[in-house]
Amino acid sequence: MLVPQEKSRRRGSDQCGGGRRFDSILYHVLDHYFGLPPTDWVAAFKSVKDREVEEAAETMKRAEAARAADSKPSLPLEKYAGVYNDAWYGPITVRMENSGLVINFRSHANHDRRSAALQFDTFKAHWRDRTIEDAFLTFSLNPDGSIDSARMAAVSPLADFSFDYQDLLFKPAAQK
């Protein structure tokens, strides 16, 4: 099973998040400077964040309900295993482990994911390092059934993909 393990780095330990903490202070200073009535910016940003989290949870719930739960991958899992390259990012390895798949990002030692088949040729990846958001890994096949490429997408609409995984296009490495 593919499993990403890094949660969003932008999520602060406080209730309004890293950038929002700064904005709360900035807006408080601006309110004071312009002689405006004081506003509880921490509460205002928390309210927005709470609404975003609620909407994201609903979106993910709808997506889970709509998935084809009885679908199977097009290929046996071991056929997805191999080395894949992205021109910008470099190589990753997909390997079998305990009847599931694991993705290893060579350039980042903590970017190992376990993956579980979700539907068809899309796997839901869970990072071992739980500070990174979960992601979908979708394989595209050639007409002969071989793997053409793989792409990643965030599971949550709130995911901080500052690592730009959604822009990667993994192609199978040339066979030797």
- Query: Looking only at the range 92-121, which residues are more than 17 Å from PHE139 (Cα to Cα) and either part of a strand (DSSP E or B) or at pLDDT 85 or above (or both)?
  - Reply: GLU97, ASN98, ASP112
- State which residue pairs qualify: first residue under 16 Å from ALA68 (Cα atoms) and inside the range 116-143, second residue of a type in the set (D, E, K, R) and outside any loop (DSSP other than H, G, I, E, B) in any location, beta carbons under 7 Å apart, and separation of 6 or more residues or different chains. ALA116/LYS124; LEU118/LYS124; PHE136/LYS124; THR138/ARG151
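For the range 129-157, what are the residues that are aliphatic (A, V, I, L, M) and within 8 Å of the chain's Cα centre (by Cα)?
Listed by number, the residues that qualify are ILE132, ALA135, MET152, ALA153, ALA154, VAL155.
On the given criteria, is ARG67 in contact with a His (Cβ under 6 Å, 6 or more places away or on another chain) and either modelled with pLDDT of 90 or more or closer than 23 Å to GLN166 by Cβ (or both)?
No: the conditions fail for ARG67.
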- Item | Residue check for ALA173: at pLDDT below 80, open to solvent by 20 Å² or more (accessible area, probe 1.4 Å) and among the hydrophobic types (A, V, I, L, M, F, W, C) | no
- Could you say whether any residue in the range 149-157 is modelled with pLDDT of 90 or more, assigned to a strand (DSSP E or B) and either open to solvent by 50 Å² or more (accessible area, probe 1.4 Å) or closer than 30 Å to ARG51 by Cβ (or both)? yes
- Message: Among the residues in the range 35-45, are any in a helix (DSSP H, G or I), hydrophobic (A, V, I, L, M, F, W, C), open to solvent by 90 Å² or more (accessible area, probe 1.4 Å) and at pLDDT 75 or above?
- Response: no
- Among ALA69, ALA65, ALA56, the single one that is assigned to a helix (DSSP H, G or I) and over 18 Å from the mean Cα position of the chain (by Cα) is ALA65
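The values are calculated or read from the model by the stated rules, or taken from the named source; none is laboratory data. Everything numeric here is computed off the predicted structure, so don't read it as measured data. Cβ atoms come from the backbone with ideal geometry, glycine included; neighbour counts cover every protein chain shown. For the accessible areas, the whole protein counts, side chains as well, though only heavy atoms, and no ligand, DNA or RNA atoms are used. Shrake-Rupley method; radii C 1.70, N 1.55, O 1.52, S 1.80 Å.
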